[in-house]
Amino acid sequence: MLDLSTRIKYLVIATLVVASISAQNVSAATPRLVSDFLKSNHIGDDSSLNFSKHASESNGNGIYLNSESGVYYYRGQVDNNIIYANRCWQIMGTTVDGAVKFIYNGLPSESETCENVGNDSAALLNVSYGAANNGSYEASNSKVQLDAWFVDNLMDYANDFADVIYCNDTDYVNAHKRIAEDGKPTFACTEEHQLTVANGKLAYPISMMSADELLFSGAGYGVAPAEGEGYYADTGKFQTITQQSANKMFYNNSLHFLNRSSGTNYSANIRPVVAIASDSAYILGGSGTKLDPYRLKVVPPVPYQVDSLDDSLLVDNDVTSASYGERISFTVDKNRKVKKITFTNESGEPVDIDLIVVDEANGKYAFDMPDFSVYLNVEYEEDMPSNPSENVEHEEDVPSNPSENVEHEEDMPSNPDTLDAGKISVLLFVSCAAIFNLVIRANSKRHF
């Protein structure tokens, strides 16, 4: 028979087990597709914005949807900083061909922030565009320099990048009217101006911003911004791939607005632009500021296996595979006390995955799918009673009715610490009855 101190010990153990399970519910950065993030946080469409003027609180500052193209993009002075491939970038937005674009923004600090970027955000400094064929990027010196930079800096990540369209608009008559006169940028690009690896006009999936994209980002044309105006892409003098006239290109100048160059031999910095497929680019933590940039992780949309190593642990909806970042719910036996829930990989090695407690009383838990196959296992506290007040070791010795102990009160030990709960209950009952009787007698004497 368990004494009182042993019962208390069981109660403490049970409390610790419950606390241990709850402690696994540690909040962590849930992987989220960048494209989904942009869609869910956009302010609205851009139909009311004046693209001839700089971005501001009254003229667009945030994430917008271009209804004509279906592109979601950043505009104005926004927190769109992100670290990828050990470099700082800024999220530009989605593309018409199912990807997300990023513009290079310099090297991170030792503490992995992007606070030191700005005018140092260019990958290549003072490069002459030098097109021999009227603004053609294919024949430009800038392409030669940028291809070499890609090989030296991003070749190890080459499989991450999507082969999207970069628009090298050399129809400078229409480009000048659209950009400089009308202030009506577009994400559309005629086939003859499209640069891709697939059509042979790019050697690598990298290029630069177009003048249209610069206007969308919030750069006004030809006039410096007033107080309260500005745009995230404004980091000094850098090139675009849009031709402005017979021998001039559009570029972002050092006076903080979109302008035309003095000629194709004019030198300006290069800020590389890359793209990653929308279903592979994930945000992990951060707030997007320079001091707390987002973290980018690239995971192809490959399904990974999910399985249970215990018949009592059931994955909800009979899910057997899932993509990275997908939330997986599962249920354990709610009638048994869980000691711990563990995760292993295909090799049987334990892996650290944040457990999400959904409804502990009903055995409901969840986790976010990592980028590998996962096997779940649950261990139960088999030796613990479901109710800590019950006797486990010698249940047959516990009387079904605690009042049966009254007949043998003389056998009770003099040390109350060794009394079981049933006997203590009887003693308390007898004592209370005696006190009640004395009170009644005292009151009776008062009345007579």
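Looking at Y204, Y172, can you tell me which residue is touching a helix residue (DSSP H, G or I) at 6+ places or on another chain (Cβ under 6 Å) and not acidic (D, E)? Show your work before the answer.
Numbers: Y172 fails: touching a helix residue (DSSP H, G or I) at 6+ places or on another chain (Cβ under 6 Å).
After applying the criteria, what remains is Y204.
Looking at the range 324-336, can you tell me whether even one residue there is in contact with an Asp or Glu (Cβ under 8 Å, 6 or more places away or on another chain) and in the same structural domain as G93 (by TED's automatic domain parsing)?
The answer is no; no qualifying residue exists.
Could you figure out which of (1) modelled with pLDDT of 95 or more; (2) crowded, with 16+ Cβ neighbours inside 10 Å isn't true of G325?
With respect to (1) modelled with pLDDT of 95 or more; (2) crowded, with 16+ Cβ neighbours inside 10 Å, G325 is out only on (1).
Could you list, in sequence order, the residues of the range 230-275 that are β-branched (V, I, T) and closer than 18 Å to G183 by Cα?
Within the range 230-275, T240, I241, T242 qualify.
Residues checked against (1) more than 30 Å from V34 (Cβ to Cβ); (2) assigned by TED's automatic domain parsing to the domain that holds A158:
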site: Y282; (1), (2): no, yes
site: G286; (1), (2): no, yes
site: L309; (1), (2): yes, no
site: V315; (1), (2): no, no
site: F343; (1), (2): no, no
site: D352; (1), (2): no, no
site: I356; (1), (2): no, no
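Scan the range 38-60 and tell me whether some residue there is closer than 24 Å to I356 by Cβ, surrounded by fewer than 18 Cβ atoms within 10 Å (Cβ to Cβ) and at pLDDT below 95.
No: zero hits.
So Y172 passes all but one of these: (1) exposed (fewer than 15 other Cβ atoms within 10 Å of the Cβ); (2) closer than 16 Å to S261 by Cα. Which condition number does it fail?
(1)
For residues that are assigned to a strand (DSSP E or B) and touching a helix residue (DSSP H, G or I) at 6+ places or on another chain (Cβ under 9 Å), tally how many sit in the range 320-364.
Adding up the residues that qualify gives 10.
Determine if the range 84-93 includes at least one residue that is loosely packed, with under 15 Cβ neighbours inside 10 Å and free of Cβ contacts under 8 Å to residues at least 12 places away in the same chain.
Checking the range 84-93: not a single residue is loosely packed, with under 15 Cβ neighbours inside 10 Å and free of Cβ contacts under 8 Å to residues at least 12 places away in the same chain.
Taking the range 108-125, which residues are modelled with pLDDT under 85 and either out of contact with any Cys (no Cβ under 9 Å at 6 or more places or on another chain) or surrounded by fewer than 18 Cβ atoms within 10 Å (Cβ to Cβ) (or both)?
Once the filter is applied, which keeps residues that are modelled with pLDDT under 85 and either out of contact with any Cys (no Cβ under 9 Å at 6 or more places or on another chain) or surrounded by fewer than 18 Cβ atoms within 10 Å (Cβ to Cβ) (or both), the range 108-125 yields N116, G118, N119, D120.
This table checks each residue for (1) buried (at least 24 other Cβ atoms within 10 Å of the Cβ); (2) under 13 Å from Y74 (Cβ atoms).
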{"residue": "H193", "(1), (2)": "no, no"}
{"residue": "A203", "(1), (2)": "no, no"}
{"residue": "S210", "(1), (2)": "yes, no"}
{"residue": "E213", "(1), (2)": "yes, yes"}
{"residue": "G222", "(1), (2)": "no, no"}
{"residue": "P225", "(1), (2)": "no, no"}
{"residue": "G228", "(1), (2)": "no, no"}
{"residue": "Y231", "(1), (2)": "yes, yes"}
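So if I check each of R295, R271, which one is out of contact with any Asp or Glu (no Cβ under 7 Å at 6 or more places or on another chain), among the basic types (K, R), surrounded by fewer than 22 Cβ atoms within 10 Å (Cβ to Cβ) and within 30 Å of E112 (Cβ to Cβ)?
The match here is R295.
Just need a number here: residues in the range 161-179 that are of a type outside the set (F, W, Y) and out of contact with any Pro (no Cβ under 8 Å at 6 or more places or on another chain).
Qualifying residue count for the region: 11.
Show the residue pairs that are 6+ apart or on different chains and have beta-carbon atoms under 6 Å apart, the first residue being within the range 349-377 and under 18 Å from L284 (Cα atoms), the second being in a strand (DSSP E or B) and charged (D, E, K, R).
D368/R327
Inside the range 277-324, can you point out the residues that are of a type in the set (A, V, I, L, M) and farther than 16 Å from N81 by Cβ?
A277, V298, V299, V302, V306, L309, L313, L314, V315, V319, A322, listed by residue number.
Quick one: in the range 154-169, which of the residues that are of a type in the set (A, V, I, L, M, F, W, C) and not in a loop (DSSP other than H, G, I, E, B) is surrounded by the fewest Cβ atoms within 10 Å (Cβ to Cβ)?
Top of the filtered list is M155.
List every residue pair whose Cβ atoms sit under 6 Å apart, with the two residues 6 or more apart in sequence or on different chains, where the first one lies in the range 229-253 and is assigned by TED's automatic domain parsing to the domain that holds Y172 and the second, anywhere, is acidic (D, E).
Close Cβ pairs satisfying both conditions: T242/D169.
Restricting to the range 298-319, count the residues that are part of a loop (DSSP other than H, G, I, E, B) and among the aliphatic types (A, V, I, L, M). Walk me through it before giving the result.
In the first step, residues of the range 298-319 are kept if they are part of a loop (DSSP other than H, G, I, E, B); the result is 299-303, 309-313, 319.
Narrowing further to those that are among the aliphatic types (A, V, I, L, M): 299, 302, 309, 313, 319.
Summing the residues that are part of a loop (DSSP other than H, G, I, E, B) and among the aliphatic types (A, V, I, L, M) in the range 298-319 gives 5.
Quick one: how many residues across the range 128-149 are among the hydrophobic types (A, V, I, L, M, F, W, C), touching a residue at least 12 places away in the same chain (Cβ under 8 Å) and surrounded by fewer than 21 Cβ atoms within 10 Å (Cβ to Cβ)? Explain how you work it out, then say what you get.
Here is the first cut: in the range 128-149, the ones among the hydrophobic types (A, V, I, L, M, F, W, C) are 131-132, 139, 144, 146, 148-149.
Then drop every residue that is not touching a residue at least 12 places away in the same chain (Cβ under 8 Å), which leaves 131, 146, 149.
Now narrow it down to the ones that are surrounded by fewer than 21 Cβ atoms within 10 Å (Cβ to Cβ): 149.
Here the count works out to 1.
Sort through V306, V298, V338, V319 and tell me the only one that's at pLDDT 95 or above, more than 18 Å from the chain's Cα centre (by Cα) and not aromatic (F, W, Y).
Checking each option against the conditions leaves just V306.
The values are calculated or read from the model by the stated rules, or taken from the named source; none is laboratory data. Note that the structure is predicted; figures quoted are calculated from it, not measured. Heads up, the Cβs are rebuilt from the backbone with ideal geometry, glycines too, and the neighbour counts pull from every protein chain shown.
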